[in-house]
Amino acid sequence: MNLRPTGILICLLVVLAITGNGHAAGGYCPIGQVWPGFDPEWIEAGTIGGDGESFLALVDPRDGCNCPVGFEMTTTEVYMVFSDEVSLPYTITVSMGLREAVADPGGPLPWLPGATICETPVRDFTAFIPKDFVGFGIALECDCRSMEEPYFLSFTIHSTMEPAGGFYTDGSGVPEPGRYLTSVDGQWIDLVTVGRLTRGDLVLSGSAQCCETPVAVSESSWSSVRGLYRR
């Protein structure tokens, strides 16, 4: 399926204040896979159908932030493409957020999504001109969370995408199984295992800032397995 070279970053509400080593120094820091630059080989075409479909990315806040106690999300950002068969202008309705990750050692997936911690409003974004990709950024109000836990970043498309859209990845090759999920018929499935994500990590990220009083979270064994999921 051909993909329309579609979109600029339609709305990016916070500019990250990053120090030279990429970690927070009283400013903002990145969580998740940030925008790596454009390469048409990093597009996973025809994989996003919409209609309430959610995509989750397992993240470790310590990979991007060196906050001593906790962090709070301030924005979420995602990049994707849509087919050149759609007519412009083209509107997509989305929301994004942060969810708890719950360890499931005996299940087919090592981590399952837990409670929603915070979520953006549902927003409409409209592309008017053809570009190489489309990006969405939405401000997020979130409680202070512990740095010692895993989390899922979430991206939900509430509108129908006909024909299907595509993921944008970082082009690093097949990612580790168990980190990128979607829900099919009420069951969480691994995007890597089913072959829907093959070209690298899903470009889904957010900005955060340090905070001092994290909200309590459920017990988990993150420290014992987090090394499996480091970039």
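Bear in mind that the values in this text are calculations on the coordinates, not laboratory data. Note that this is a predicted model, so its numbers are computed, not measured. Here the Cβ positions follow ideal geometry from the backbone for every residue, glycine too, while neighbour counts run over all protein chains shown.
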Amide H partners (placed H, <5 Å) of residue 39, local residues excluded:
none
Could you tell me which of 168, 151, 102 has its Cα farthest along the dipole of segment 3-223 towards the positive end, charges placed at Cβ (Lys, Arg +1; Asp, Glu -1), taken about the Cα centre?
168
Net charge near residue 159, counting Lys/Arg +1 and Asp/Glu -1 over other residues with Cβ under 14 Å of its Cβ?
-3
Once phi is turned into ³J(HN,Hα) by the Karplus curve 6.51 cos²θ - 1.76 cosθ + 1.60 with θ = phi - 60°, what whole-Hz value does each residue of segment 129-134 show in order, with x for glycine and proline?
10, x, 9, 6, 7, 10
Once amide H atoms are built 1.01 Å from N in the peptide plane, which residues 5 or more positions from residue 161, or in another chain, come under 5 Å H to H?
50, 51
Using all alpha carbons of segment 112-219, what is the percent of pairwise distances in each 5 Å bin, ordered from the shortest bin to the longest?
2, 8, 16, 20, 21, 18, 10, 4, 1, 0
Just to be sure I understand the model, the point goes 7 Å from the Cα along the line to the Cβ. What's the resulting residue 129 to residue 51 distance in nm?
3.4
In whole Hz, the Karplus estimates of ³J(HN,Hα) for segment 91-108 (6.51, -1.76, 1.60; θ = phi - 60°; x where Gly or Pro) are 10, 10, 9, 9, 9, 9, x, 10, 10, 5, 10, 10, 5, 9, x, x, x, x
Long-range amide H contacts for residue 28: which residues qualify at under 5 Å (H placed 1.01 Å from N, peptide plane, sequence gap of 5 or more or a different chain)?
17
How about segment 41-104: which GluC sites (Glu not before Pro) there lie in a loop by DSSP and see at most 12 other Cβ atoms within 10 Å?
85
Applying 1/(1 + (r/R0)^6) with R0 = 35 Å to the Cβ-Cβ distance of residue 162 and residue 66, what FRET efficiency is obtained, to the nearest 0.05?
0.20
In sequence order, what are the phi-derived ³J(HN,Hα) couplings for segment 167-172 according to the Karplus relation 6.51 cos²θ - 1.76 cosθ + 1.60 with θ = phi - 60°, rounded to whole Hz, with x for glycine and proline?
6, 10, 10, 8, x, 8
Computed over segment 3-223: relative contact order in percent, which uses C-alpha pairs under 8 Å that are six or more apart
36
